[in-house]
Amino acid sequence: MRQGLGRKLGVVWTLHGDGSTPAPGEAVAPDERLSWGRTIGLGAQHVVAMFGATFVFPVLMGLDPNLAIMVSGVSTILFLLIVQGRIPSYLGSSASFVGAVTVIRAGGGDSSAVTGAILVSGVVLAVVGLVVHFVGARVVHRVLPPAVSGAVVMLIGFNLAPVVAKTYWPQDQWIALITMVLVLACSLLLRGFWSRIAVFIALVAGFVLSWVFDRVFGMITSATASGEVVPHYRVDLSAVPEASWFGFPTLHAPSFEATAIVVVLPAVIALIAENTGHVKAVEEMTRTDLEGSLGRAIFADGFTTTLSSAVGGPPTTTYAENIGVMAATRVYSTAAYWVAAIVAIGFGLCPKFGAVIAATPGGVLGGITVVLYGMIGLLGAKIWVENRVDFGNPVNLLPLAAGLVAGIGDVSLDITPSFSFSGIALGTVVTLVGYHVLRLLAPKGNTGRMG
């Protein structure tokens with residue numbers, strides 16, 4: 001009976017083969033796992049993939065990053081339970097709210113007002129998930145056919161390109177280049193399990209190499225993560241001795257201000273599109289029909305966002321970075337995500353370890369993310385190819401072209417002095433509205449391929 005309940009909740013896994021490296025061309029399914037030693041290694045790689053963004057976005061929003069790390073682990077566990085282990089995904093801090101939070105703080109809003117607005121958005125997203133679950137995923141598929149969902153997946157990956165180009169890569173271009181080459185080389189030249197943790201190997205090697213460069217070449221003058229151009233060492237471990245081994249993150253209660261809520265609510269559009277795109281991407285990679293789980297995924301994201309913001313944490317979302325890891329390793333086991341979630345909770349309760357991870361050189365992150373973000377973007381193209389989307393038809397070509405440039409270029413549309421659409425949200429709106437309006441107006445027989 002316990003075994004049956006465990007399988008229903010997605011917490012029982014079948015050993016894939018002999019538990020060692022899968023044969024060439026094979027993939028480890030969500031309800032399978034490798035040996036626990038290898039699973040722990042893969043879980044560590046997922047932690048590495050999510051950590052930078054999950055740590056950075058709360059900092060940009062003025063929220064406690066250690067709390068963000070901890071609630072990301074809790075949120076991932078809740079997500080996996082709600083979707084019954086069918087959708088392997090990690091829930092980290094969402095970037096979709098950063099712009100809105102900046103507007104709130106510029107208007108004098110404090111952290112409680114920020115998290116209150118995010119909490120309301122989480123509730124709205126959860127309600128949308130319930131509607132999708134009970135009415136059916138066809139509602140989403142009609143709104144997001146392959147032409148549109150492929151564009152959304154592409155936006156999710158390529159919209160992150162400026163993070164690489166403006167934040168990470170300029171901090172140390174040579175370390176970034178070497179790390180990128182290491183990711184590519186380890187993925188292609190190493191065999192078996194080692195090739196599947198290429199990202200983790202490249203990160204550790206890049207970290208060590210950065211430390212060596214500091215000793216051999218001294219400081220570099222470049223922009224730090226805050227954007228300030230100053231001489232600095234690549235590896236700065238000064239915060240590690242001062243950090244304690246164990247400590248609870250800072251919690252605070254939300255407050256509710258109408259102006260802040262109105263500013264944040266449009267981000268729900270981006271999260272719906274983001275979740276749908278991620279589910280589509282996982283569906284493509286795992287060759288599994290996840291249509292019946294889409295409502296659960298959207299609800300889970302809304303529920304965990306509500307829970308996180310209720311204690312002072314950031315909004316959560318399924319992470320493109322970790323989908324990129326799965327694309328690179330072809331290991332879709334949810335067991336690895338459980339490991340990652342538990343480790344993340346431990347990180348959140350250990351400020352010293354968090355300080356070590358936070359010291360990862362920007363150049364190293366630049367070399368890793370330039371590969372992972374690009375892989376996510378190309379998954380969108382894969383959806384188009386496999387669904388034979390006809391780009392000779394202007395109904396498909398024109399709105400997607402406009403939406404991609406608006407989203408990837410982070411174009412902003414200022415509706416009022418305190419309200420605007422930008423980036424993924426604007427690109428999604430342009431793609432969605434443009435596609436469906438053109439489809440409605442197009443002459444009969446020229447409505448494009450829905451897929």
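The values are calculated or read from the model by the stated rules, or taken from the named source; none is laboratory data. Values in this document were obtained by computation on a predicted structure and should not be read as measured data. Counting neighbours? That spans all protein chains shown, and the Cβs are built from the backbone with ideal geometry, glycine included. For accessibility, only protein heavy atoms count, side chains too; no ligands or nucleic acids. Shrake-Rupley method; radii C 1.70, N 1.55, O 1.52, S 1.80 Å.
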Estimated 222 nm signal from helices in the chain, with DSSP H stretches of n ≥ 4 weighted -39500 (n - 2.57), rounded to 500: -20500 deg cm²/dmol
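Of all accessible surface on the chain at a 1.4 Å probe, what whole percent is carbon and sulfur? Present the calculation step by step, with values, prior to reporting the outcome.
On the way: 12770 of 18730 Å².
Carbon plus sulfur share of accessible area: 68 percent.
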Close lysine pairs (the chain; alpha-carbon distance under 30 Å; 8 or more apart or on separate chains) counted at 7
By the Kirkwood definition, with r running over pairs of different Cα atoms, the chain has a hydrodynamic radius in Å of 22.3
The stretch 280-408: Rg/Rh from Cα coordinates, Kirkwood Rh? 1.02
Using a probe radius of 1.4 Å on heavy atoms only, what accessible surface per residue do you get for the chain? Whole Å² is fine. 42
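Longest segment of the chain with no trypsin sites (Lys or Arg not before Pro) in a DSSP loop having at most 11 other Cβ atoms within 10 Å?
Here the longest run is 1-190.
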The ratio Rg/Rh over the Cα atoms of the stretch 119-174, Rh being the Kirkwood inverse mean 1/r radius, stands at 1.22
Using the Cβ atoms and a cut-off under 15 Å, what net charge is assigned to the surroundings of residue 286, where Lys and Arg are +1 and Asp and Glu are -1? -2
